[in-house]
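See below for the structure under consideration.
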Amino acid sequence: GEDVEQSLFLSVREGDSSVINCTYTDSSSTYLYWYKQEPGAGLQLLTYIFSNMDMKQDQRLTVLLNKKDKHLSLRIADTQTGDSAIYFCAVVHGSSNTGKLIFGQGTTLQVKP
Amino acid sequence: EAGVAQSPRYKIIEKRQSVAFWCNPISGHATLYWYQQILGQGPKLLIQFQNNGVVDDSQLPKDRFSAERLKGVDSTLKIQPAKLEDSAVYLCASSLGPGGEQFFGPGTRLTVL
């Protein structure tokens, strides 16, 4: 079945850029998402990219998609302490017409002042 | 606009007991999802409703888990009897339709002792 993998932990200094990586197995995934989860809270959609795009920029967030390598990344520019959270990559299950999401295990981003 | 509401926020039970969770989606959202998030993992879809019908329950352990959305609005998820491995956060999400942006509630943290 579909598998989504992420590195578990990333630590950066405030003001640096953060890059969170994700790989997936199903090449027919149409939409790919990045969610943020703060302690004790639900998931918040940060951004998404459609599979026919290579890059999408939204303020401090840049998403890069390499379809050939099935690799997705999220870059956060000028990382702030408020960006500390768990970041989840999620892809729409390729054969699903229901929008079923497959999530990675999450990357914990620690931002040091 | 009110978000997705869930209750209770926390629940502690002993194994073999029963427990029920409640979810009220965003008004007008036809699609409702229940996810299980085990500590250190990404959310896993348990069941998806379209109005009051089940769209996908392929990963729901049907011998102990049940869910309903009788009037196509609120939903309840029940576990009977609970096992230790059911300890997790149960997230409810809703979207306008299948494949639409999913909005998540804060979750119910279940601890089974």
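The values are calculated or read from the model by the stated rules, or taken from the named source; none is laboratory data. This structure is a prediction, so every number in the text was calculated from the model and none was measured. Here Cβ is always computed from backbone atoms with ideal geometry, including for glycine, and neighbour counts include all displayed protein chains.
Taking A:Gln37 as the residue in question, decide whether it is in contact (Cβ under 8 Å) with a residue 12 or more places away in the chain and more than 12 Å from chain B (Cβ to nearest Cβ).
Values: in contact (Cβ under 8 Å) with a residue 12 or more places away in the chain: yes; more than 12 Å from chain B (Cβ to nearest Cβ): no.
It is false that A:Gln37 is in contact (Cβ under 8 Å) with a residue 12 or more places away in the chain and more than 12 Å from chain B (Cβ to nearest Cβ).
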(request) Could you tell me which numbered condition A:Leu64 fails, if it satisfies all but one of (1) within 14 Å of another protein chain (Cβ to nearest Cβ); (2) crowded, with 17+ Cβ neighbours inside 10 Å; (3) in a strand (DSSP E or B)? (result) (1)
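Give the residue that is modelled with the lowest pLDDT, with candidates limited to residues of segment A:41-51 that are in a loop (DSSP other than H, G, I, E, B) and either aromatic (Phe, Trp, Tyr) or farther than 17 Å from A:Gly99 by Cα (or both). First the steps, then the outcome.
The initial filter retains those residues of segment A:41-51 that are in a loop (DSSP other than H, G, I, E, B), namely A:41-42, A:51.
Restricting the remaining residues to those that are either aromatic (Phe, Trp, Tyr) or farther than 17 Å from A:Gly99 by Cα (or both) gives A:41-42.
Values: A:Ala41: 83, A:Gly42: 86.
Step by step, filter segment A:41-51, then rank; the result is A:Ala41.
Can you confirm whether segment B:16-27 contains a residue that is away from chain A (no Cβ under 14 Å), crowded, with 19+ Cβ neighbours inside 10 Å and among the aliphatic types (A, V, I, L, M)? Reasoning before the result, please.
Here is the first cut: in segment B:16-27, the residues away from chain A (no Cβ under 14 Å) are B:16-20, B:22, B:27.
Then keep just the ones that are crowded, with 19+ Cβ neighbours inside 10 Å; that gives B:19.
Cutting the leftovers down to among the aliphatic types (A, V, I, L, M) gives us B:19.
Yes, because at least one residue in segment B:16-27 is away from chain A (no Cβ under 14 Å), crowded, with 19+ Cβ neighbours inside 10 Å and among the aliphatic types (A, V, I, L, M).
Hey, among B:Leu46, B:Leu32, B:Leu39, which residue is exposed (fewer than 13 other Cβ atoms within 10 Å of the Cβ) and closer than 21 Å to A:Trp34 by Cα? It would help to see each step written out before you state the result.
Numbers: B:Leu46 fails: exposed (fewer than 13 other Cβ atoms within 10 Å of the Cβ); B:Leu32 fails: exposed (fewer than 13 other Cβ atoms within 10 Å of the Cβ).
Only one candidate passes the filter, namely B:Leu39.
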(message) Suppose we filter segment B:63-113 for residues that are under 14 Å from the mean Cα position of the chain (by Cα), surrounded by fewer than 19 Cβ atoms within 10 Å (Cβ to Cβ), within 14 Å of chain A (Cβ to nearest Cβ) and in a loop (DSSP other than H, G, I, E, B); how many remain?
(response) 1
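Among the residues of segment B:21-45, how many are of a type outside the set (S, T, N, Q), closer than 13 Å to B:Asp74 by Cα and not in a loop (DSSP other than H, G, I, E, B)? Reasoning before the result, please.
Let us first name the residues in segment B:21-45 that are of a type outside the set (S, T, N, Q), namely B:21-23, B:25-26, B:28-30, B:32-35, B:38-40, B:42-45.
In the following step, the residues that additionally are closer than 13 Å to B:Asp74 by Cα were identified as B:21-23, B:25-26, B:28-30, B:32-34.
Filter once more, keeping what is not in a loop (DSSP other than H, G, I, E, B): B:21-23, B:32-34.
Number of matching residues: 6.
Listed here are the residues, each with its yes/no results for (1) at pLDDT below 95; (2) of a type outside the set (A, V, I, L, M, F, W, C).
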residue	(1), (2)
A:Val12	no, no
A:Asp16	no, yes
A:Asn21	no, yes
A:Asp26	yes, yes
A:Leu32	yes, no
A:Pro39	yes, yes
A:Asp54	yes, yes
(message) Going residue by residue through segment A:74-92, is there one that turns out to be exposed (fewer than 15 other Cβ atoms within 10 Å of the Cβ) and within 14 Å of another protein chain (Cβ to nearest Cβ)?
(response) no
